[in-house]
Structures are given as structure tokens and as C-alpha cells.
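Trainee: Please see the structure below; I have some questions.
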Protein chains: 2
Amino acid sequence: MAAQQHVSCGRCLSCVPDISNSMQLASYAGFDFVAMPIVHPRFQREFVEGKAKDRVAAFARSDLLLPSQDWSALVVGKLSEWLQVDAENTVVRQNSQVALMQELNYAAHLSLPAVLVPLNNINCVNLARCLYSHMQGHSNHQVWIHVPIQAPGTMVDDVVENPVSFDETSKDNEPWHWWNTLRRACNHHKRLGIALEATLDLPSQDVIDRWMGEPVKCAIFSTSLFLTNKKGFPVLSKAHQSLVVQLFRLDVQMMIKGTNRHPDKGIKAYQQYMEHLYQSQPPLGGVDAFAKGYEDYLQCPLQPLSDNLESQTYEIFEKDPVKYTRYQEAVYKALMDKVPEAQKASTKTIIMVLGAGRGPLVTASLKAAEQAERSVHVYAVEKNPNAAVTLFTLKEDKWGDLVTVVLTDMREWEAPVKADIIVSELLGSFGDNELSPECLDGAQPFLKDDCISIPCKYTSYLSPLMSHKLYNEVKLCKEKDKNPEAHFETPYVVRLQNVSVLDKPQSVFTFTHPAKPPTDNQRYKHLTFDIKEDAELHGFAGYFDTVLYGDIMLSTEPSTYSEGMFSWFPIFFPLKTPIHLNANSKVTVHFWRNVKSRNVWYEWSLTEPVATPIHNINGQSYTISL
Amino acid sequence: MAAQQHVSCGRCLSCVPDISNSMQLASYAGFDFVAMPIVHPRFQREFVEGKAKDRVAAFARSDLLLPSQDWSALVVGKLSEWLQVDAENTVVRQNSQVALMQELNYAAHLSLPAVLVPLNNINCVNLARCLYSHMQGHSNHQVWIHVPIQAPGTMVDDVVENPVSFDETSKDNEPWHWWNTLRRACNHHKRLGIALEATLDLPSQDVIDRWMGEPVKCAIFSTSLFLTNKKGFPVLSKAHQSLVVQLFRLDVQMMIKGTNRHPDKGIKAYQQYMEHLYQSQPPLGGVDAFAKGYEDYLQCPLQPLSDNLESQTYEIFEKDPVKYTRYQEAVYKALMDKVPEAQKASTKTIIMVLGAGRGPLVTASLKAAEQAERSVHVYAVEKNPNAAVTLFTLKEDKWGDLVTVVLTDMREWEAPVKADIIVSELLGSFGDNELSPECLDGAQPFLKDDCISIPCKYTSYLSPLMSHKLYNEVKLCKEKDKNPEAHFETPYVVRLQNVSVLDKPQSVFTFTHPAKPPTDNQRYKHLTFDIKEDAELHGFAGYFDTVLYGDIMLSTEPSTYSEGMFSWFPIFFPLKTPIHLNANSKVTVHFWRNVKSRNVWYEWSLTEPVATPIHNINGQSYTISL
Ligand SMILES: C[S@@+](CC[C@H](N)C(=O)[O-])C[C@H]1O[C@@H](n2cnc3c(N)ncnc32)[C@H](O)[C@@H]1O
Ligand SMILES: C[S@@+](CC[C@H](N)C(=O)[O-])C[C@H]1O[C@@H](n2cnc3c(N)ncnc32)[C@H](O)[C@@H]1O
């Protein structure tokens, strides 16, 4: 999919005397949308008591001022600043609440795409109640919680004597905690988003990374944050620029607020600067380009053993620029090690490609043999009759006598000879989750004693993850015929984007081949992770790496990622309930790989910071068929 | 939404020796897609016994011959003609079945968009089983059942002595019955469609209309049906042309089969002729243009009483070119009748617009008064506070003292004066279903004894309906939180297109205003319809008409439709289970309108040809809130 061509940038206004004029000016200055108060800031409303109580008149501007497409595409509504829905004073609270609901309902009446809700402190549970109630009603608009990226008063140098009481105070002052309190009260509602306002000082990278796991929809930059460059144009500091670039990755919309501080250049200059930063990003390459448009999109893991892959799926595999080259190198080295130069004329090596698909590993093996000047015969073993059509055709048209095509399940094959080298790629996003261990164990009877397996080893990895977005995607997955929590007991293949990884990955399960009997492919492991900042835990990201032969590897684990490879996205194991994590605490997760005669499945649970139910007990929601 | 610009027309081939060449020729001749055998017709396959049984080779052409986008966008697969899945002979049947599954799986492997399945007689239950099993599996493609529009042998003149035995025979020979048998066995599967082949003789219009209630996705015209015009080009007879135009209305794709019989013109000429017919259709007008893109799309009926309508909804209402003119005429006539010329100077008529929305009926009333030269004062009564913002603004800017805006529910209003004329439009697609009766009863206290109500009467209508499409749309509506059949106990507002109306509408419930107390808005009625042709009954279409004043009417009932009006689409009451109807039989339906203190709902059931459960008993799945 093509990358977006242009940054979406809005203008945030605090007072709009003439709406069509303001819209025109903003559009002329290159802005894509406008944020403005839903109700005129000076129109006083008193519902509970006071002299304005029984006034009969329009409380807002008429909807006739703009065509409805404009309201619904170009205008973000701002709630009044004076609302104090969480005030202690009953009259103030009740009055604010009625006014709040009036504004929210009017925003829904106009079909505005989003409403900006200012959030200034941790006392927000009544605000949360009003918003949650409204979102559960008939409205459709987004609710953007407007928070600063850190509290204006926060300074890193402010070390306080008593760390315990400091911790307490500090949480109440942290905007992320304001947001988290509100979001938890609203049950992680899918229409909640964040309008993140940049502050002059920026918080640590850990805190910024945590925001990147939140549903940031909009970023607000005040004109007062801008510096002036030599030519007199507004520009941002390096730190702010880096923040902007991180935000672009989440496809966030930008918003400029405050008066123009570069009047000779026009307000246009701020929008143009954002566009400039957007256009200065390096073009997407490798997996980023390949995955464009699939970010945070949940896919059910393939089951290439029980299902037959489609032609399209093979076609995509075969475009990977890294995987087949590495396999070819591995076969080359294995051939060189196995057959000494002196014996190369007299030896024919039997290579079996197990799970040959449409043949790319057959081709790679033949190329490796040619390069190594070793003579081989390749058996291409594949159980998918549709892919076999391609293999038979390739044999006919290209490979000839070098290759024998066998349409069978490798676990049932009565092979006419034994193998010197087996080559397979039966790996899933979590390594063993496409049942490579079980399939290759089934090939054991037709391996020579010194048979080399490519790959010879693979290992899975896990990291704890925060992602409001993925949690909501899972929630949406409900299928009618399944038990209502089944979708939280299933892993998903997903290109991770709007997530925050809370600790570095640790290894989980390892398998080696050829396996020494008696083989047991059941596994159990627990891992403990260190959590630095307060966060919400929504699940775990899974990766894998594999040793093909010698030092030739493939990896999706971020620290050893095989640059450019796009055959695998990470896997995501969700949790049914988001778990609140405190800074400097631990997360202990338990993972099981269970095997029965007809299927394999994972189970998982936490014991720290709290015990959770074991997910997917007995494979009740998700199994992989043998 | 814009109309489609161009007809989609494919070329149906029976043998394709060189696929990319055939694709190129077809595309060069202007065709959008190609239908071709999935497996080479002469590649013999024997699975059960016979000499080809253990042959090891490719059974189809390789997927590498086309890029996967082409397979999935441009190629419709044809099943082999020799398959006899319903043969009595076990070997023939089993062999056919294995070959059928192989072809279907290969079609899925290639991600073909659709597969053409020939259906030649009524013995098709094993074929249905195979298709149903396949569609419930992992495939995604459409299954197009290829049937002639009538059996080739059928002749209207073939009158047979014994009508009973004739009836029996005739059913077995009717392609619609072949299709209906298969479709019922497949449980009305949503991916089933029809490829309808035109025959030289065409059936009666009743039979054609019945096909229009079926999911016809593709229409096949053999080159042998074409005549030759004076210039030597292929053209269709008037009867065939009229069929084509009816098919266009369902957005059907066309397909040309058979050898070119106008070789000097090229096969292109057939495609061009179809395109010519497509372009010769008159441009869409009125409600057709308005509803383009919404055909057969289910909407939940609005509840303007308990919910507040949105700005966009009012904006759409207000564009209706008919409704407000009729209201204006009605108010004009009422004023002329009420206030004699002699008294016009001394009389001020009190008009109350009840449910004024954003004011169009207020404007219509003022215009009528001006035209009638009668002096009036208008009360604009509206309970939606958001719409009231517009009313207050209009009073400020335009209406001034002529109008008083009152933000209240009419049922609770303590009016300062009594009304001479009340004007309201509280009607839904089924007339009373937006609770106009209950609202206007609530206005009774502030009406003068001789008060005129505009409208003074409205009546609902029902017709029995066949529509595979709508049945499937309802099936898809499942909501997780509701009981699994709730979606079949709810009416839907829908622009009817892929439907067949089985008898003309009959009136159901009538309400008149002002109502004479004691009023009772509960109703019960049963209706009996005559069914001419065999059909499946999927539910009922509902309409209404209303008398505004004197002879001024609005109607959505087809025989009296107010040309050009688009404020209302019909309503659809579904049935949980499709009911098979025999020709010359009767359908008796019972309808209830029930009223409780907080809501109103409909219940419905059949007693002929079979009794069904009463749908929506106690309003368990759908009520309208008071
Ligand atoms: C992930 S694909 C790899 C295909 C190809 N080697 C490539 O790298 O592009 C795995 C293939 O193994 C096949 N396969 C899986 N389990 C198998 C088994 N038990 N016996 C034979 N083939 C198997 C699948 O049908 C599929 O074609
Ligand atoms: C179908 S709309 C018609 C609006 C407008 N008269 C027009 O024709 O465009 C019905 C209107 O009646 C209002 N309404 C419905 N029930 C009402 C009630 N009981 N009291 C006051 N207004 C009501 C609704 O809010 C809505 O604005």
C-alpha cells in the first residue's frame, strides 16, 4: 500500500466570531481542519440556579452555517474550558454536567468527527462517567482527551527527600496517570483517543515511548514552542522534531494552537514547517514498505499443516529478499562440509525439501549444489495437491531428472532412500507454532544417521506489551459462535505499531533437529520481566530466531532482526483484562506448549503482579491441528 | 452516489489452450473478465478405478501462468461438464465427487472470484452437499449456479391433459425449481449466486420477475441468440433487450458464450452491443438517483421520538422536492376553507407545527398563509434541543413575531392558546411506526373543537416478498448481545431492489386525526394474499399513504407513489424461516400493533400455507419507545 502523501494538520482556535470566515482563512493557510469551541465561550448557561436559568434562546451557533459535510469532515469540537464536572461544589458540578452533556449532544447532532476534552488533573472520574455514558449512547464521534505530554511543573531535577511520598505526589501530577484513570473508568472504550500536547520541556524517552502505546490521534503544538530560524521562519528544537517524527509513525494528525508569533510569515508557516518535517522523512524501505497499511491489523495465524495455503500466499513468501538467499548459503555450506573435495565426483547427496510449497527451496538447493560443484538429487515433498501442480509443472519445464516430486504428508511417506540433508521451512511467527517440531519428527525414519537438518534449531521470544489499540482490536474480534472470551485466548499475527514494549524479549521454547528420541515437544517456561515505568499490560509480543546451519541465522527478534526480511510479522498473545503495572515492579508470565494426538496449543497466565486465569486452558479457544 | 459508468461483460470460453493469449484476445475485444475451465476438459481423472487412477502429474495448469492478481480479478472458473455428482452409479458418482472437490479446491487455491457450476436438472442434492461443505470451509469465492432462464424444452402451447401429473413433471423441469432445491439444501448460503442463461424463447413476465428476487450475479447470452441488423452487426430481439435492461437494474455482470457468428465484425461486436444497451438506459431520476448505492441495504428504523435526529438527517429530509410543496398546498386549502374571504381581515389563525424539526413545515405554513392572504401565528413545537438551536436562529433572523418557538415534548406542553390547525409529519416508512398516533393524541388538550389536523389520516400496506438477498442481509445482522433470532424479529427500512413482490399490497392499519376519544391505538389485522407462481417467501414489504387535507396525498405504496418523493424507503418485515409457496396457493399473515405505557411494537405471523411462530412476541426483540 502507498504511503500517505501529506501530513494532516489542523488549526486550533479559541474563539470563532465568524465561522465561515475562520474556515476559509484556515484552509487558505493550508490547514486540513479546524478545532473550535462547540458553544461560544461567553454564552453563559445556568441550569441549576442563577439568572440565566430559564433563558429561551439558541445556546450554540446554528447548524445551517455550514453544510453538513463540512461539520462532519472539517470541524473538531472543543468543550468549554470552564466546565468542572468533578468539582466538590454540587451546584458547580451539576451545572457543569448539564452543560457538558448539552455540548456533547450538540457535537453528535452536527456529526462532528471528534470532540476535544481538556484533562488537567487526576480527579476525573465523574468526567469519565459522563463521557462513557455518552459514548455508549447514540453518538459516533471520537473523544480526544487533551493532555500535556508531561505536567507543566515537572522538572527532572526536583529530587525530593522522601521517595514514598514523592512517588504518590508524582503520580497524581503525571498526565499519563490522568489519562489512565479516565481510560480505565471508560473500560478502554474504543472511541477514546488522545490529543497530546507538546510541552516546552519534554519527558524522558521512556515516558515518550509509553505514549506511543496509547491511542494518540492528534498532537498539539503551541506556536510558543517554535524557535525562529535565520530566515525568520518558525522551526522546532531537535528534541521536538524527534517527537514529531515518532508521532508521524502513528499516523497522528497535527494541530497548531496559539497566536501567530511570526506575523510577517503568516500562520501558514507553521503548517508548512510540519509538512516539511513530514516530507523530510526517509522513504519507507524493507518490511516497513511491505507492511504499510497492515499496522496493528490482527490476522489469525496460518495453519499450513491442516489447511492448504493459497497461491497468493506462496507468491508473497517467494518475494522475500532475504530468506531464500540464507537458505541457499546454508545448503552450500552443508554440502561443502559433508562432501570433501576429493569425493565430489563419486558422491551424490540426497537432499529432501520437506514442505516444498511451490518450489523456491528446491531452486535454492539446486543453485547451492551448482555453486558447490556437488552432485545432488532433490526430493520435493509437499502435501498440498494444489501447490504440487506447480511442482510437477516446474519439474516438467525446468528441473528434469534432478528432482523427484512427491505429493504426500512427510509424516506418512515411505521414502525410497534416506536423506543426507533435509531442508524445511515450517516456521511460524512464534517459531514452533506451525508445528515444525511434529512434522520433522515424522521425517525421522528416512534420515541417515548423520543427516543434517536445515534449520537445526529455533527459539521463540516474548516481551510484555502495552497497547490500547490492540486490546480494542481483540475486543472487536468477537465471533458469534464462540465463547465470549475466546478472542482473548487466541494469538494473532500482527505488524506492531501503536504499542509500547515494556521490557526486552526473553527466550521461551527451543527445538533442535534432528531430534534425539524419545522426543517430547511439550514445553513449560516462566519468565520474569522488569518494568521501569507505570503502565498497563495488554499482552505479550512474540518473536523467533532460527539457526539454519553453522552461523547462518534468520531472526524476527528486534535486537537480531534479519534486515529486509518480511516473511514474518510478530505474534501477539492478549490478556483478557488489562493489568496495571507499577514502576520498578515485575511481571511473571507462564507459558505452556501442550501436545495431544490431534493438536497442539499454548496456554498462558501471570503470577506477578497478580495471578490471572490461565488463558486457553485445554486449548478451549485455540488449537493448532496436527 | 454515482451510477456505474460501464457494463461489466465477460467472455465465456470452453477450451483455453494458451491462457495468456486468450486473456489478451478477450481484453483486446473489450471484455472485463474471462470464464474458463479450471481443468483441461480432456485431462481424464480416475480416482476410484480405471487406468488413470495412479497417474502422478499436474491435473491443472500451473498457477505461475498468471500473476495472482489476475487469477483473483479476471478469471471465473468453470467446473468440468462431465461431472455427475448425483449419478446413480456409485463409481461415476464417487469419481465425479473427488474431481469436483479437486476443482473447487484448486479454484480456492487460485483465489478465483467465482466458480460456475452447471445445473441441468432437479436431482442435485449431492451436488448441493458438496458445494455447501466447500463453502463452509476455507474458501471465499462465489459459487454461481449456471441455469437457463427456462428449460429448453418448455413451450407454452404444450397443454397436457391431466393437470396434476403435468404439474409434477413441470416442476421437475423448471430451472427455478432446480435452483430452489439446491439453494434450500445449502441453507440459503450467502455466497451462492446465479448465472442465468438466456434462452431463445423467454418465459412469462411473472417467471422473469421471480428471477429478479434471486441473487442473479451474471447473465449469459449465447452468440446464437443474436440477430443481425442491417449493417451486419449482432443485435438482440426486443424481448431479449427488455430482459437485459431488467438485469442491469440488479447490477448483473454479462457474459457472452459461443463462437463468433459475425466473424467480419469480430467478437468485440457482442461486447459493444451490451455496452450500447447499457448506455442507452435513461439516466436515473428522482428516488432512483437519490437511492443509488443504498439498494437492499438494511437500516434500522429511526426513533425520532426517543432519540434526537442529527443535523445531517434533517438536511436530507429538507431536500425532498415533493413533500413540502404538498404540505404547503394542504395548509393553503385548509386556511381557505377555514377562514371565509369576508373574515380574513379580522381573523388570526393559530397554526401549530408539532415536531417542527429545523423548520421547513413552519416555512411552508408561512408561505401558504401569504399565498392565501390569511393572517396566522405559528407555534413551532419541537422537543429536540439541538434542532431548536436552528429554530431559534431562524426566528431571530427571518420569522420574527410571526413564530413562537417552543422547546418541549408536545405531549407535555401547556399551550397558552388552542390551535385551529395542527401540522405535523411524524410518519415512518410504515406510517404509524414513528408513533404519530401517540404524539398527536398527546396534543389533543390544546386543539380547538373544529381543529384541522394535517395530515388527517394515514394507512399502512403490506405485500409478500421473495428475496434471497434480503434474507441473507438479515442473517448477517447478528448482534452479540441479542438473542440469536432477534434480527429476524425486527423490521428494516430498505430500498428494495433484488426482490420479487409476490402479490399486490393490501391495507393494514389506519389512523385518523383529530382522534375521537376514547382512543385506542392497538390494532390487529389479517390479510390473505394470492400467490401465482411457486416461490420462497422471505418476508413482507411495508408502505404507507397519507391524506394531508382534502385530496392532497403522499404515498409510498407503488400503485399511488408520489413521483419524485424520496423521504421514505419501504420497510421490510422478515420471516425467520423461508417458506416455500406453491403456485395458486394463499398466504395469510397476521399483524398486531401493541401499545404499553412505555412502548409500542408489532408482532407478526403466518397461518397459511403453514403456521409460523409469532415473531417479536411481547416486543422481545424490537420496540419503539414512547
Ligand atoms: C511455510 S510453507 C513454505 C513453502 C516453501 N518451502 C517456501 O519456503 O516458500 C510450508 C509448506 O510446507 C507444507 N507442509 C506443511 N506440513 C507438511 C507435511 N507434514 N508434509 C508435507 N508438507 C507439509 C505446506 O503445505 C507448505 O507448502
Ligand atoms: C420526521 S421529523 C420532521 C421534521 C420536520 N417537520 C420536517 O418535516 O422536515 C419529526 C420531528 O418531530 C419531533 N418530534 C417527535 N416527537 C415529538 C414530540 N412528542 N414532541 C415534540 N417534537 C417531537 C422530532 O424531534 C423531529 O424533529
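The values are calculated or read from the model by the stated rules, or taken from the named source; none is laboratory data. Given the structure is predicted, the values throughout are model-derived calculations rather than measurements. Neighbour counts are summed over all protein chains in view; Cβ atoms, including those assigned to glycine, are modelled from backbone coordinates with ideal geometry. These area figures cover heavy atoms from the full protein model, side chains too; ligands, DNA and RNA do not enter into them. Shrake-Rupley method; radii C 1.70, N 1.55, O 1.52, S 1.80 Å.
Trainee: Rounded to the nearest 0.05, what FRET efficiency do B:N89 and B:H580 have when you use their Cβ-Cβ distance and R0 = 30 Å?
Mentor: 0.45
Trainee: Compute the orientation-averaged projected area for the range B:457-625 from the convex hull of its Cα atoms and round it to one decimal in nm².
Mentor: Over all viewing directions, the range B:457-625 projects a mean Cα-hull area of 10.9 nm².
Trainee: I'd like to compare B:20-29, A:6-15, A:266-275: which one has the highest average count of other Cβ atoms within 10 Å, and what's the full order after that?
Mentor: Per-residue Cβ counts within 10 Å, averaged per peptide and sorted highest first, yield A:266-275, A:6-15, B:20-29.
Trainee: Suppose we compare each residue of the range B:101-122 in its chain alone and in the full protein complex with a 1.4 Å probe; which ones drop by at least 40 Å² of accessible area?
Mentor: Correct list: B:H109, B:S111.
Trainee: Once the label point is placed 7 Å from Cα along Cβ, list for A:S585 the distances to the corresponding points in the other copies, in nm, shortest first.
Mentor: Output for A:S585: 6.6 nm, nearest copy listed first.
Trainee: Still on this model: Out of the range A:67-112, which chymotrypsin sites (Phe, Trp or Tyr not before Pro) are coil in DSSP terms and have no more than 12 other C-beta atoms within 10 Å?
Mentor: A:W82
Trainee: What's the long-distance tail for chain A, i.e. % of Cα pairs beyond 50 Å?
Mentor: 25 percent
Trainee: Dipole of chain B (Lys/Arg Cβ +1, Asp/Glu Cβ -1, origin at the Cα centre): which of B:L440, B:V376, B:C477 lies farthest to the positive side?
Mentor: The listed residue farthest towards the positive side: B:C477.
Trainee: Oh, and also: What is the helix-to-structure angle for A:125-135, meaning the angle in degrees between its Cα long axis and the longest Cα principal axis of chain A, kept from 0 to 90 and rounded to the nearest 10?
Mentor: 70 degrees
Trainee: Here's another thing I want to ask about it. Against the longest alpha carbon principal axis of chain A, how many degrees, from 0 to 90 and to the nearest 10, is the axis of helix A:385-394 turned?
Mentor: For helix A:385-394, the angle is close to 60 degrees.
Trainee: Note down the magnitude of the dipole of chain B about its Cα centre, charges +1 on Lys and Arg C-beta and -1 on Asp and Glu C-beta and zero elsewhere, to the nearest 20 debye.
Mentor: Dipole about the Cα centre, nearest 20: 1140 debye.
Trainee: Roughly what % antiparallel, to the nearest 5, for the DSSP beta bridges in the protein assembly as shown?
Mentor: Bridges in the protein assembly as shown that DSSP calls antiparallel: roughly 50 percent.
Trainee: If you project the alpha carbons of the protein assembly as shown onto their three principal axes, what span does each projection cover, largest first, in Å?
Mentor: If we take the Cα atoms of the protein assembly as shown, the spans are 125, 109, 58 Å.
Trainee: Convert 10 °C to kelvin, take the viscosity as 1.306 mPa s, use the Kirkwood radius over C-alpha pairs of the range B:370-425 as Rh, and evaluate the Stokes-Einstein diffusion coefficient in µm²/s, rounded to a whole number.
Mentor: The estimated diffusion coefficient comes to 128 µm²/s.
Trainee: Using 1/(1 + (r/R0)^6) with R0 = 60 angstrom and r between the beta carbons of B:S507 and A:N229, what's the FRET efficiency to the nearest 0.05?
Mentor: In this case the efficiency is close to 0.20.
Trainee: So what's the angle, to the nearest 10 degrees on a 0 to 90 scale, between helix A:19-28 and the longest Cα principal axis of chain A?
Mentor: Helix A:19-28 sits at roughly 40 degrees to that axis.
Trainee: Inverting the mean 1/r over all pairs of different Cα atoms, compute the Kirkwood radius of the range B:311-454 and quote it in Å.
Mentor: 15.4 Å
Trainee: Considering the options B:S507, B:L74, A:Q299, tell which one lies farthest towards the positive end of the dipole of the protein assembly as shown, charges being +1 on Lys and Arg and -1 on Asp and Glu at the Cβ, about the Cα centre.
Mentor: The residue sitting most towards the positive pole is B:L74.
Trainee: Amide H of A:M254: which non-local residues (sequence gap of 5 or more, or other chain) have their own amide H closer than 5 Å, using H built in the peptide plane?
Mentor: The answer is A:S8, A:C9, A:G10, A:A219.
Trainee: I would also like to ask the following. When the accessible area of chain B is computed with all protein chains present and a 1.4 Å probe, what percentage of it is carbon and sulfur?
Mentor: 51 percent
Trainee: Just flag the GluC sites (Glu not before Pro) in the range A:532-626 sitting in loop per DSSP whose Cβ has no more than 13 other Cβ atoms within 10 Å.
Mentor: Filter output for the range A:532-626: A:E563.
Trainee: Return the long-range amide H neighbours of B:E197 (sequence gap of 5 or more, or a different chain), with a cut-off of under 5 Å between placed amide H atoms.
Mentor: B:V147, B:I149, B:I220
Trainee: Compute the semi-axes of the equivalent ellipsoid of the range A:53-110, taking the square root of 5 times each eigenvalue of the Cα gyration tensor, and list them largest first in whole Å.
Mentor: Largest first, the range A:53-110 gives 26, 14, 7 Å.
Trainee: A plus B alone minus the pair: what accessible area, both sides summed, probe 1.4 Å, in Å² to 100?
Mentor: In total, this chain pair buries about 3100 Å².
Trainee: Another question, then. Ordered by residue, what ³J(HN,Hα) values in Hz, to whole numbers, does the range A:214-225 give under the Karplus form 6.51 cos²θ - 1.76 cosθ + 1.60, where θ = phi - 60° and Gly and Pro are x?
Mentor: Result, rounded to whole Hz: 9, x, 6, 9, 8, 10, 10, 10, 7, 4, 6, 7.
Trainee: Hey, another quick one. Kindly flag which residue pairs out of A:K482/B:K475; B:K230/B:K265; A:K478/B:K469; B:K532/B:K576 have an alpha-carbon separation exceeding 20 Å in this structure.
Mentor: Result: A:K478/B:K469; B:K532/B:K576 exceed 20 Å.
Trainee: Continuing with the same structure: With the cut-off at 27 Å, tell me which of the pairs A:K190/A:K292; A:K319/A:K367; B:K171/B:K217; B:K319/B:K367; A:K292/B:K217 have Cα atoms farther apart than that.
Mentor: Table pairs above 27 Å Cα-Cα are A:K292/B:K217.
Trainee: Under a cut-off of 22 Å between alpha-carbon atoms, report the lysines in cross-link reach of A:K516, not counting same-chain residues fewer than 8 places apart.
Mentor: A:K516 reaches A:K338, A:K418, A:K448, A:K457, A:K525, A:K596.
Trainee: Further, regarding this structure: Treating only the Cβ atoms of Lys and Arg (+1) and Asp and Glu (-1) as charged, compute the dipole magnitude of the protein assembly as shown about its Cα centre; round to the nearest 20 debye.
Mentor: Once rounded to the nearest 20, the dipole reads 1020 debye.
Trainee: Next question, about the same structure. Taking 0.36 nm per intervening residue step and subtracting the Cα-Cα distance, what contour gain separates B:Q620 from B:N120 on full extension?
Mentor: Gain on extension, B:Q620 to B:N120, equals 175.6 nm.
Trainee: Can you compute the helix-only [θ] at 222 nm over the protein assembly as shown? Use -39500 (n - 2.57) per DSSP H run of at least 4 residues, normalise by all residues, nearest 500 deg cm²/dmol.
Mentor: Result for the protein assembly as shown: -8000 deg cm²/dmol, rounded to the nearest 500.
Trainee: Sort A:312-319, A:281-288 for me by packing, meaning the mean count of neighbouring Cβ atoms within 10 Å per residue, highest on top.
Mentor: A:312-319, A:281-288
Trainee: Oh, and also: Restricting the count to DSSP beta bridges whose residues both fall in chain A, what percent are antiparallel, rounded to a multiple of 5?
Mentor: Approximately 50 percent, going by the DSSP bridge assignments.
Trainee: Another question about this same structure. Hey, for A:K398 with labels 7 Å out along Cα-Cβ, what do the inter-copy distances come to in nm, ordered shortest first?
Mentor: Listed shortest first, these distances are 7.2 nm.
Trainee: Same structure, new question: Per residue, how much accessible area does the protein assembly as shown have with a 1.4 Å probe, in Å²?
Mentor: Result: 44 Å² per residue.
Trainee: Follow-up. Using the Cα centre as the reference, give the magnitude of the dipole from point charges on the C-beta atoms of the range B:457-625 (Lys, Arg: +1; Asp, Glu: -1; all else neutral), rounded to the nearest 20 debye.
Mentor: The dipole of the range B:457-625 has a size of about 480 debye.
Trainee: Considering only DSSP states other than H, G, I, E and B, which GluC sites (Glu not before Pro) in the range B:365-471 qualify as loop sites with at most 16 other Cβ atoms within 10 Å?
Mentor: Here the sparse-neighbourhood loop sites are B:E373, B:E412, B:E414.
Trainee: If you don't mind, there's one more thing I want to ask. Give the long-range amide H neighbours of A:S585: residues separated by 5 or more places, or on another chain, with amide H under 5 Å away, using H modelled in the peptide plane at 1.01 Å from N.
Mentor: When sequence neighbours closer than 5 places are left aside, the close amide H contacts are A:I531.
Trainee: If one computes the Cα centroid of the range B:77-123 and of the range A:550-626, what distance in Å separates the two points?
Mentor: 42 Å
Trainee: Please give the contour-minus-distance gain from B:K367 to B:E341: 0.36 nm per residue of separation, less the Cα-Cα distance, rounded to one decimal in nm.
Mentor: 7.6 nm
Trainee: Put simply, what bits of the range A:386-408 lose 50 Å² or more of accessible area when the other protein chains are there, versus the chain on its own (1.4 Å probe)?
Mentor: A:N386, A:V389, A:F392
Trainee: Using protein chains only and a probe of 1.4 angstrom, how many square angstrom of A:Y294 are accessible, to the nearest 10?
Mentor: 90 Å²
Trainee: Moving to a separate point now. Taking a label point 7 Å out from Cα toward Cβ, give me the nm distances from B:Q343 to the same spot in the other copies, shortest first, one decimal.
Mentor: Nearest to farthest, the other copies are at 12.1 nm.
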